[in-house]
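The values are calculated or read from the model by the stated rules, or taken from the named source; none is laboratory data. For clarity, every value in this text was computed on a predicted model and none was experimentally measured. Positions of Cβ are backbone-derived with ideal geometry, glycine not excepted, and every protein chain shown enters the neighbour counts.
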Amino acid sequence: MNDKEPLGLKDLAPLRKMEVDDTSEFNSIAVIGGGTIGQGLAQSISENGMEVIIVENDKDTLEKTLKRLDEALNREIKRWAMTSADKKSILSRIEGTTNIEKVEECEIIVSAIHEDLQANLKLFKQLDQVCPPETIFVTNTSTLSITELAAVTNREDHFLGMHFLNPVPKVALVEIVRGLKTSDETFRTMQRFALRLGKTPVEVFESPGYVTTRVIVSLLNEAMYLLMEGVASADGIDTAIKLGFNFPEGPLSLADKMGLDQVMTWMEGLFRDLGDLKYRPCPLLRKLVRAGHLGVKSGQGFFIYDENGNKI
């Protein structure tokens with residue numbers, strides 16, 4: 001049992017006022033990895049007036065990341081959710097680079113690379129050598145151990161997890177995950193950062209899957225078993241859950257949007273760490289992933305999608 005007393009939502013009121021009064025605390029943030037979460041996070045940081053650097057492995061990947069970001073902003077303009085001037089302002093605060101040493105001056109560095117333990121350990125070892133000791137390291141992982149990642153650095157007290165959900169600019173939640181040695185000062189700093197992003201931070205003590213992944217994976221997996229067993233059609237299952245529980249989206253459509261390969265990775269990690277059969281990936285999910293039917297990003301998963309990601 002963790003002996004730290006959780007800092008509940010009622011404790012956020014003074015922090016919200018502080019965040020409004022002091023908008024100069026966070027001047028430069030780095031995001032390592034420009035995938036779906038990294039791209040969305042960079043957009044959110046810039047939208048809220050902070051400078052952000054996106055770091056990619058190579059020039060081609062970086063160009064693709066910046067192109068996807070540009071396209072995402074164009075879609076927002078078409079929806080009348082922002083103006084061309086807003087887009088120009090957002091892009092002016094985003095810098096792309098393949099040189100990881102450029103993050104040396106950043107106050108906060110967020111890793112949004114893929115869920116691979118060795119890749120993350122290697123990254124944080126490298127960052128620890130590049131950055132001054134006061135730099136805060138953050139990982140967006142939903143399955144890897146915060147404490148294990150922090151242990152390869154010399155700043156375990158300046159290390160924590162921030163689990164952002166997709167789409168980052170629109171989801172109001174972020175889980176702030178304490179590792180074993182995360183300091184209260186670091187935690188409160190990142191609470192203020194979350195508030196600057198317009199998010200509601202929820203304090204979580206390290207456990208596989210945290211809160212959101214652990215709960216949603218169980219729902220997704222059960223829906224997949226229902227489909228495999230022929231209890232109802234994919235559309236029937238989604239409609240039942242949407243209308244029955246007032247969900248904005250059904251579980252199978254949600255899994256398609258998340259990426260079925262990613263969902264399976266989460267399930268395998270939880271099954272391995274917790275040993276509970278409810279996290280064992282449904283055989284139908286494994287079959288779809290092996291066939292390359294990964295959901296929206298491949299055009300087919302539990303449903304079929306057009307090139308714009310709209311369900312056919």
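Each row is one residue, and each column tells you yes or no for (1) under 18 Å from the mean Cα position of the chain (by Cα); (2) of a type in the set (A, V, I, L, M, F, W, C).
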{"position": "TYR210", "(1), (2)": "yes, no"}
{"position": "ALA223", "(1), (2)": "no, yes"}
{"position": "GLY250", "(1), (2)": "no, no"}
{"position": "LYS257", "(1), (2)": "yes, no"}
{"position": "ARG272", "(1), (2)": "no, no"}
{"position": "VAL289", "(1), (2)": "no, yes"}
{"position": "LYS297", "(1), (2)": "yes, no"}
{"position": "ASN310", "(1), (2)": "no, no"}
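Of all residues in segment 18-32, which are closer than 22 Å to LEU123 by Cα and at pLDDT below 95? Result: SER28, single match. Would you check if GLY292 is farther than 19 Å from THR212 by Cα, of a type in the set (Gly, Ala, Ser) and surrounded by fewer than 21 Cβ atoms within 10 Å (Cβ to Cβ)? Yes.
Mind listing whichever residues of segment 135-173 are under 17 Å from GLU107 (Cβ atoms) and either β-branched (Val, Ile, Thr) or without any contact (Cβ under 8 Å) to a residue 24 or more places away in the chain (or both)? Selection gives THR135, ILE136, VAL138, THR139, THR153.
Taken together, ILE109, ILE77, ILE90 contain a single residue that is under 19 Å from ASN140 (Cα atoms) and among the hydrophobic types (A, V, I, L, M, F, W, C), which is ILE109. Among the residues making up segment 136-174, those that are under 14 Å from LEU121 (Cβ atoms) and touching a strand residue (DSSP E or B) at 6+ places or on another chain (Cβ under 7 Å) are PHE137, THR139, THR141, ILE146, LEU149, ALA150, THR153, PHE159. Summed over segment 164-178, residues that are within 19 Å of THR147 (Cβ to Cβ) and surrounded by 22 or more Cβ atoms within 10 Å (Cβ to Cβ) total 3.
One residue is enough: does segment 102-122 have a residue meeting the conditions at pLDDT 95 or above and touching a Lys or Arg at 6+ places or on another chain (Cβ under 8 Å)? For segment 102-122, residues at pLDDT 95 or above and touching a Lys or Arg at 6+ places or on another chain (Cβ under 8 Å): absent.
So if I check each of ASP256, ASP276, ASP235, ASP261, which one is among the acidic types (Asp, Glu), touching a Gly at 6+ places or on another chain (Cβ under 7 Å) and outside the structural domain of ILE146 (by TED's automatic domain parsing)?
Just a single option satisfies the conditions, and that option is ASP256.
Looking across segment 182-198 at every residue that is in contact (Cβ under 8 Å) with a residue 60 or more places away in the chain and in contact with a helix residue (DSSP H, G or I) (Cβ under 8 Å, 6 or more places away or on another chain), the one that is surrounded by the fewest Cβ atoms within 10 Å (Cβ to Cβ) is identified as GLY198. Summed over segment 274-308, the residues that are among the polar types (S, T, N, Q) and in a loop (DSSP other than H, G, I, E, B) give a count of 1.
Going by what's in this entry, would LEU121 be described as in the same structural domain as THR65 (by TED's automatic domain parsing), of a type in the set (A, V, I, L, M), surrounded by 14 or more Cβ atoms within 10 Å (Cβ to Cβ) and part of a helix (DSSP H, G or I)?
yes
Looking at the structure I just gave you, is ASP157 closer than 30 Å to PHE271 by Cα and over 19 Å from the mean Cα position of the chain (by Cα)? Yes, satisfied.
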